[in-house]
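> Let me give you the structure first, and then I'll get to my questions.
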Amino acid sequence: MKRKIIEIDQEKCDGCGLCLPACPEGALQLRDGKARLLSDSFCDGLGACLGHCPRGAITVKEREAEPYDERKVIANIIQQGPRVIREHLKHLKEHAEHDYLAQAAAVLKASGIENPLNGETKHMTRAAAHRGCPGSQSASFVAPPQPGANEAGPRPSQLTHWPIQLHLLSPTAPQYRGRDVLLAADCVAFAVGDFHKEHLQGRSLAIACPKLDDGQEVYVEKLRAMMDDAKINTLTVMIMQVPCCRGLLNLAQEAVAQAKHKVPLKTVVVGLRGEIVQAERV
């Protein structure tokens, strides 16, 4: 069928990823350093992502395309949690897409999930495949008092840029050129009390989860591009002391092996209570 659908100019796209969170259908993803349409059936053609591309690479065209499939879209979004579901349904409601709203409601009901637009919520859990990792096991402890922990006034953030998620960032962006880069697993900043003061200060940040992130083959290429194209100064990989987190260090080591511009690589391992258990050159 012929209908309106987005088109991405691959020559203009620099892979910054700013369009991805702007798509309520989750129809966009980064592949080979470029934003691409996951499937024609995932794009409703309403153009919510328009205006979020700094290069003007996204337009809406009328062309032959698969029909938009709300049932596939909502089934995919369910995996991303209640907030994403709510934003998607609000998007449909704002555009008066009542048929799509009805289809989405049917899928949610069949999946045992309450419609968030009805003001109801339902806890959603990760798949059973994610069980068993020490970092996901329930544990409670009281953090001991630390000297200087009660310093007067707020401590300023040391974060200097966005985006920071490895899928979203451009490896050749100005904030990485010639800089010391910190690649941190997602959980690290929540575990380490002085993450900003002791580890982030003076560094450009990238974050990723080696257990839950999809499309990690892109990560190696992005890290290699940071070394060869952005000519970063150093790379520090900060991970948790759990087996799955070692995957992030493995990705960094693979990128170092592929890069022509050799960069010093350091690893910092964090215990589940936030202590630094290991810091060494790799």
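Every read-out reported here was derived from the displayed coordinates using simple, explicitly stated rules and does not represent laboratory data. Model, not experiment: these values are computed from the prediction. We place every Cβ from the backbone using ideal geometry, glycine too, and count neighbours over all the protein chains shown.
> Quick check: the angle from helix 217-228's long axis to the longest principal axis of the chain, C-alpha only, nearest 10 degrees?
With rounding to tens, the tilt is 50 degrees.
> Hey, can you rank 232-241, 159-168, 201-210 by average C-beta count inside 10 Å, highest first?
Highest-to-lowest ranking by the protection proxy: 232-241, 201-210, 159-168.
> In cubic angstrom, how much convex hull volume per residue do the alpha carbon atoms of the chain span?
168
> Restricting attention to the alpha-carbon atoms of region 2-118, what are Rg (one decimal) and Dmax (integer), both in Å?
14.2, 43
> Something else now. Could you order the peptides 43-52, 59-68, 260-269 from most to least packed, using the average number of other C-beta atoms within 10 Å per residue?
Values: 43-52: 18.3, 59-68: 13.2, 260-269: 15.5.
In decreasing order of mean packing, 43-52, 59-68, 260-269 become 43-52, 260-269, 59-68.
> Here's a follow-up. Between LEU272 and TRP162, what is the label-point separation in nm under the 7 Å Cα-to-beta-carbon projection?
Using points 7 Å along Cα→Cβ, the separation is 3.4 nm.
> For a protection proxy built on the mean count of beta-carbon atoms within 10 angstrom, sort 9-18, 33-42, 221-230 highest first, please.
The densest-packed peptide leads the list: 221-230, 33-42, 9-18.
> Which FRET efficiency, nearest 0.05, do ALA279 and LEU117 yield, Cβ-Cβ r, R0 35 Å? Numbers along the way, then the final one.
Working: r = 48 Å, r/R0 = 1.37.
So, using R0 = 35 Å, E works out to roughly 0.15.
> Treating the angle as unsigned and between 0 and 90°, give the value, to the nearest 10°, between the Cα long axis of helix 98-110 and the longest Cα principal axis of the chain.
60
> Using amide H atoms built in the peptide plane, which far-off residues or other-chain residues are under 5 Å from ASN233 H to H?
HN-HN under 5 Å from ASN233: GLY178, ARG179, ASP180, VAL181.
> Measuring from label point to label point, each 7 Å out along Cα→Cβ, what is the LYS90 to VAL60 span in nm?
Taking the two extended label points, one gets 2.0 nm.
> Another question, if that's okay. Considering lysine pairs in region 2-118 that are 8 or more places apart or on different chains, how many have Cα atoms under 20 Å apart?
Close lysine pairs found across region 2-118: 13.
> From the helices alone, meaning DSSP H stretches of at least four residues, give me the mean residue ellipticity at 222 nm for the chain, per-run term -39500 (n - 2.57), in deg cm²/dmol to the nearest 500.
Estimated from H runs of four or more residues: -7000 deg cm²/dmol.
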